[in-house]
1. Using unit Cβ charges (K, R positive; D, E negative) and no other charged atoms, how large, in debye to the nearest 20, is the dipole of the chain about its Cα centre?
2. Please give every one of the lysines within straight-line cross-link reach of Lys27, meaning a C-alpha to C-alpha distance under 21 Å, and leave out same-chain neighbours fewer than 8 residues apart.
3. Among Ala34, Leu18, Pro3, whose Cα sits farthest toward the positive end of the charge dipole of the chain (+1 at Cβ of Lys/Arg, -1 at Cβ of Asp/Glu, about the Cα centre)?
4. Show me, for the stretch 24-41, the HN-Hα J-couplings you get by feeding each phi into the Karplus relation (A = 6.51, B = -1.76, C = 1.60, θ = phi - 60°), rounded to Hz, glycine and proline as x.
5. Taking 0.36 nm per residue of sequence separation and subtracting the Cα-Cα distance, how much length would be gained by fully extending the chain between Asp25 and Thr54, in nm to one decimal?
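Read-outs: derived from the displayed coordinates by stated rules, not from any lab. The shown structure was predicted, so the numbers you read here are calculated from the model rather than taken from an experiment. In this analysis, Cβ positions are derived from the backbone assuming ideal geometry, glycine residues included, and neighbour counts consider all displayed protein chains.
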Amino acid sequence: MEPKDYTVVKIEGEYAYLRADGDGDDKDIFIALALLPSGVDIGTRLHYEMLTYTVIK
């Protein structure tokens, strides 16, 4: 999968819903919070590359 930026739009229980930035597509993906950096909250921007999510400052 190619590098991509996401924004956390919703958190439900142990899962976060991510929306791709600038994609124009309203489909959200969901991923376990355990796979994301600690401290992730709604509105956090993330960069995905090589099976790793990092927070965008």
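1. Numbers: 6 positive and 11 negative charges, 34 e Å.
So the dipole magnitude of the chain works out to roughly 160 debye.
2. Lys4, Lys10
3. Ala34
4. x, 9, 8, 6, 9, 10, 10, 8, 4, 4, 4, 8, 9, x, 5, x, 5, 9
5. On the way: separation 29, 0.36 × 29 = 10.44 nm, distance 2.17 nm.
Additional length available on full extension: 8.3 nm.
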